[in-house]
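These notes are about the structure you will find just below.
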Amino acid sequence: MSFSSKTKSDLCRMEHANKDMSRAELSGLIHMCGSISFEGRSRMSFQVKTENAAIARHVFKLVKSVYDVDVEVHTTKNKQFKNRNIYFVKASSPEDSMTILKDLEIINLEGGYINLNYHVPQRFSKQRELKKAYIRGAFLGGGSISDPEKAYHMEFTTSNELYAEELKNLINTFDLLVKVIIRKNSYILYLKESEQIVTLLSIIGAHSALLAIENIRIMKDMRNNVNRIVNCEMANLTKTVEAAYKHLESIEKIKNTVGLHRLSPGLREIAELRMNFQEASLKELGEMLNPPMGKSGVNHRLKKISEFAENL
């Protein structure tokens, strides 16, 4: 099961505090993945299509609990994708479907005509908990989230520009920065920053997915910190080795031309230590002196030796 499917299955196990929250979630879900068909004069039916069995059960449960009507579930095979099941959930009668669609403000009647409503219903956009439930339904119907081990990406897909803008504005009331792009005649609302995704998962109640992402973020941060430390130590080690090599070149030049006895006692002492302990750091060389000397003092003497060699 993908990370996205598991997140949705976990959301489907949530219990709602009241029927208004169930209505809000069902409205968002049907707006995103419901399909509507005419059943004769002024009669319409709807069905929800999904490949997630948990979502199919969830829609069945929501419709039954809120409207107490007969609900049908049909299953077919998706031959394009390894014969996976596709579930269709619908109210049994067109009359019940019309009641549900009007109550959830997915359709409205004006002048005897039925119109599709591409607005987010205002009654679900005023109270904080109803907004959360509506966004959760929209995610269940048309949302997805990438495996955080590979990338941070969460999106909602809808076919209507007006609805995309209204859903974006609803989500952004929670101080998020959802953006919209067009992809293959669809409107995609997306988030790419891990902190924003975690916040949205918290809003819709996907706490298991939230914890999984937080754990992965911690592990990635730890790996990045370790890599930074290792890279820093490697850079320092490289600088130390290069500096020691240059010091040895200068000392060998002096030794082979005029002899180390031409150096002052202090410089000769550090030169001999450098030759005998080629891999030692400046701090370690300083500790071998009597009396001991700090890194800056050792570095000063080695610079004097390099200058002496350059002047030869």
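Here, each number is a calculation from the coordinates, and none is a lab measurement. For clarity, every value in this text was computed on a predicted model and none was experimentally measured. Quick reminder, even Gly has a Cβ in these numbers, built from the backbone with ideal geometry, and neighbours come from all protein chains shown.
A few remarks follow.
- Taking Phe38, Phe124, Phe277 in turn, the Gaussian network model of the chain (Cα-Cα springs below 10 Å) assigns the largest fluctuation to Phe277.
- Separation of alpha-carbon centers, region 152-191 and region 67-131, rounded to whole Å: 20 Å
- With the simple spin-label model, which puts each label point 7 Å out from Cα in the Cβ direction, the Arg57 to Lys79 separation comes to 3.0 nm.
- Exposed loop sites here are GluC sites (Glu not before Pro) assigned a DSSP state other than H, G, I, E or B and surrounded by at most 14 other beta carbons within 10 Å; excluding them, the longest clear run of the chain is 52-148.
- Near Met222: Cβ cut-off under 14 Å, other residues only, Lys/Arg at +1 and Asp/Glu at -1. The net charge is +2.
- For the chain, the longest principal axis of the alpha carbon atoms and the long axis of helix 295-310 meet at an angle near 60°.
- With respect to the chain, whose longest principal axis is taken over its alpha-carbon atoms, helix 53-67 is tilted by about 40°.
- Per principal axis, descending, Cα span of region 233-310 in whole Å: 37, 26, 19
- By the beta-carbon count within 10 Å of each Cβ, the least crowded to most crowded order of Thr99, Thr238, fewest first, is Thr238, Thr99.
- FRET efficiency, Glu310 to Ile229 (Cβ-Cβ, R0 30 Å, nearest 0.05): 0.25
- To the nearest ten degrees, helix 207-257 and the longest principal axis of the Cα atoms of the chain are 20 degrees apart.
- Förster radius 25 Å - calculated FRET efficiency between Thr173 and Lys19, Cβ distance, rounded to 0.05: 0.60
- Geometric extent, Cα atoms of the chain - Rg, Dmax (angstrom): 34.9, 113
- Within a Gaussian network of the chain (alpha carbon springs, distance under 10 Å), most fluctuating of Lys246, Lys150, Lys168: Lys246
- Principal semi-axes of the equivalent ellipsoid, √(5λ) from the alpha carbon gyration tensor of region 27-108, are 22, 14, 11 Å from largest down.
- Calculated Rg and Dmax of region 188-242 using C-alpha coordinates, Å: 17.8, 56
- Relative intensity of region 179-310 on a log10 scale, I(q)/I(0) at q = 0.11, 0.21 Å⁻¹, equals -0.58, -1.15, per a Debye sum over C-alpha point scatterers of equal strength in the absence of solvent.
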